[in-house]
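The structure under discussion appears below in the form of structure tokens.
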Amino acid sequence: MPNAVLTYWKLHKVPILLSILCGLLYYTFAYHLQRSDFARMFGLYLGLFILCYKLIQFEKWNYKFLLFLGVVFRLIFLFAIPNLSQDFYRFIWDGHLVLLGENPYLYLPAELLGNSDIIIPQAGYLVEGMESLSASNFSNYPPLSQLIFGFSVWLGGGKILGSVIAIRLILLFADLGIFYFGRKLLKFVNKSPHLIFWYFLNPLIIIELSGNLHFEGVMLFFLLLTLHLITINKWMLAALPMALSISVKLIPLMFLPLFFKALGIKKGLIFNTIVILIVAATLLPFYNPAFAENYMATLSLWFSNFEFNASIYNVVKSLGERVDLKPWELIKSYGKLIPLVVIVWVGILTLFRKNSSQHILIQSMLFILALYFFLTPTVHPWYIITLVALSIFTDYRFPLVWSATIIFSYTAYRDPATEESIGFLIIEYLSVYGFLIYELFKHGSFKSLIPKKYGGKGVNPI
């Protein structure tokens, strides 16, 4: 045994040393970083990205080693309170309401503080932690997310740290599922299975999911399970995880029209009908006449009130200021246009792309989501995790570039007033758009967006 360990050390000495350094950087990120300290954050993030690249370069065929590292890096965050996002306070708050049998869509946290009928442990601390913006609005997290919040609070014994640990373990298992089904899908679309590590070891993924407890990982697990079941011709069964994916995050709703082409009109209609029925079933435990009004009111804020790390919107806003348009009027009008543009774009990709190929189907999902994020006024770093995951099954790598440069969005938190730096946003988006344009030319001078015929080797129809 000692000889085997010594031999392994000699063969993998450099990757092991890089892994230890990577672990130390993640530990510093988790336990010794303030969101306002962007200089340290950027240094840590840059170092982690370089180390991620080198580890994949050195050990891309050593799946067990890289899988082990991915799990260890996530577990480093296990006992840390998230330091870059306060959303988890709202998760725990909603989880307590679910455990109490109350409907989280009906109450404003700020109003419940003085309510003696509904007592939430450490209520004042949770409301203070989630900050006034969340505390003064109704919950916008879909039903399955709410049930997971409740389960996490129960599993964590009602304590904040216990609930955080429970959520982290759920997200870890979701990422392991993504790793498993992701490798299967990569083989199916004739791509190297090692590409999954550009998701599994990506610092953005580890920090925003395991670190900051966002649920894109759970949504992605169900989405990849859906695609896997379709590849093995179990498309009716695939409707269940697709519905669960939507019930965690609403984003996959945009992909439903693509399945009319992927499965054929008849099967696509059955598939989408089952999905909608299951999603509706997940809403039943929370049904209340006020539910729809409260939920839609909160959801509309993302299009008409909030702005963060936007690209096209910031250009439009800059032009609007030159003609004396009021910012609050501009964002409301702009927000109404986004759904219309996205619907038209989804229709174009549904009608004119050959989505019967799994490769093209995933590529269409990538293009739909990319346009949405380019247009929307709010793009938090964890939003693009889905783009990163979808990109590894395609020939496009601009989301990986974005996963590296989106750290610049955190410059806004250097100032207590959350003032964005236009200079850093320009660096971020010039990198992303520049690489996207390069890739579009590389893959056929924009013809790959709506190809007349796809001739990829080894790609099987669904």
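Here are a few things to note about the model shown:
- The lone exception for Tyr295 - which of (1) surrounded by fewer than 17 Cβ atoms within 10 Å (Cβ to Cβ); (2) within 26 Å of the chain's Cα centre (by Cα); (3) assigned to a helix (DSSP H, G or I) it fails: (1)
- Exactly one residue among Ser152, Ser134 is crowded, with 16+ Cβ neighbours inside 10 Å, closer than 30 Å to Ala417 by Cβ and under 24 Å from the mean Cα position of the chain (by Cα), and that residue is Ser134.
- Positions within the stretch 300-313 being at pLDDT 75 or above and open to solvent by 30 Å² or more (accessible area, probe 1.4 Å), in sequence order: Phe306, Glu307, Ile312
- Criterion: within 27 Å of Phe173 (Cβ to Cβ) and small (Gly, Ala, Ser) - qualifying residue of Ala80, Ala39: Ala80
- Residue in the stretch 194-210 that is over 12 Å from the mean Cα position of the chain (by Cα), in contact (Cβ under 8 Å) with a residue 12 or more places away in the chain and not in a helix (DSSP H, G or I) present: yes
- Residue count for the stretch 251-275, restricted to those that are touching a helix residue (DSSP H, G or I) at 6+ places or on another chain (Cβ under 8 Å) and either open to solvent by 20 Å² or more (accessible area, probe 1.4 Å) or outside any helix (DSSP H, G or I) (or both): 12.
- Some residue of the stretch 221-230 being assigned to a loop (DSSP other than H, G, I, E, B) and more than 11 Å from the chain's Cα centre (by Cα): no
Let's see how each residue does on (1) acidic (Asp, Glu); (2) in contact with a Phe, Trp or Tyr (Cβ under 7 Å, 6 or more places away or on another chain); (3) closer than 30 Å to Ser136 by Cα:
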{"residue": "Leu240", "(1), (2), (3)": "no, no, no"}
{"residue": "Ser247", "(1), (2), (3)": "no, no, yes"}
{"residue": "Leu253", "(1), (2), (3)": "no, no, yes"}
{"residue": "Leu256", "(1), (2), (3)": "no, no, no"}
{"residue": "Lys261", "(1), (2), (3)": "no, no, no"}
{"residue": "Val275", "(1), (2), (3)": "no, no, no"}
{"residue": "Leu284", "(1), (2), (3)": "no, no, yes"}
{"residue": "Tyr295", "(1), (2), (3)": "no, yes, yes"}
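- Exactly one residue among Pro285, Pro289 is outside any helix (DSSP H, G or I), out of contact with any Gly (no Cβ under 9 Å at 6 or more places or on another chain) and either within 16 Å of Thr376 (Cα to Cα) or open to solvent by 60 Å² or more (accessible area, probe 1.4 Å) (or both), and that residue is Pro289.
- Some residue of the stretch 302-313 being over 26 Å from Phe149 (Cβ atoms), in contact (Cβ under 8 Å) with a residue 12 or more places away in the chain and charged (D, E, K, R): yes
- Residues of the stretch 206-217 satisfying the condition of being touching a helix residue (DSSP H, G or I) at 6+ places or on another chain (Cβ under 6 Å) and open to solvent by less than 10 Å² (accessible area, probe 1.4 Å): Ile206, Glu208, Leu209, Ser210, Leu213, His214, Phe215, Gly217
- Residue in the stretch 360-369 that is in contact with a Leu (Cβ under 6 Å, 6 or more places away or on another chain), open to solvent by 10 Å² or more (accessible area, probe 1.4 Å), in a helix (DSSP H, G or I) and more than 23 Å from Thr405 (Cα to Cα) present: no
- Here is the figure for the stretch 25-66: residues that are over 18 Å from Trp9 (Cα atoms), open to solvent by less than 70 Å² (accessible area, probe 1.4 Å), in a helix (DSSP H, G or I) and of a type outside the set (Phe, Trp, Tyr) total 10.
- Qualifying residue in the stretch 399-420 (condition: part of a loop (DSSP other than H, G, I, E, B) and under 16 Å from the mean Cα position of the chain (by Cα)): no
- Residues of the stretch 135-165 classified as part of a helix (DSSP H, G or I) and more than 14 Å from Pro82 (Cβ to Cβ), total: 14
- Scanning the stretch 211-220 for residues that are farther than 25 Å from Leu55 by Cα and in a helix (DSSP H, G or I) returns Val218, Met219.
The values are calculated or read from the model by the stated rules, or taken from the named source; none is laboratory data. Fair warning: this is a prediction, and the values are worked out from it, not measured in the lab. A quick note on method: Cβ atoms are made from the backbone with ideal geometry, for glycine too, and the neighbour counts reach across all protein chains shown. Accessible surface areas use protein heavy atoms only, side chains included; no ligands, DNA or RNA. Shrake-Rupley method; radii C 1.70, N 1.55, O 1.52, S 1.80 Å.
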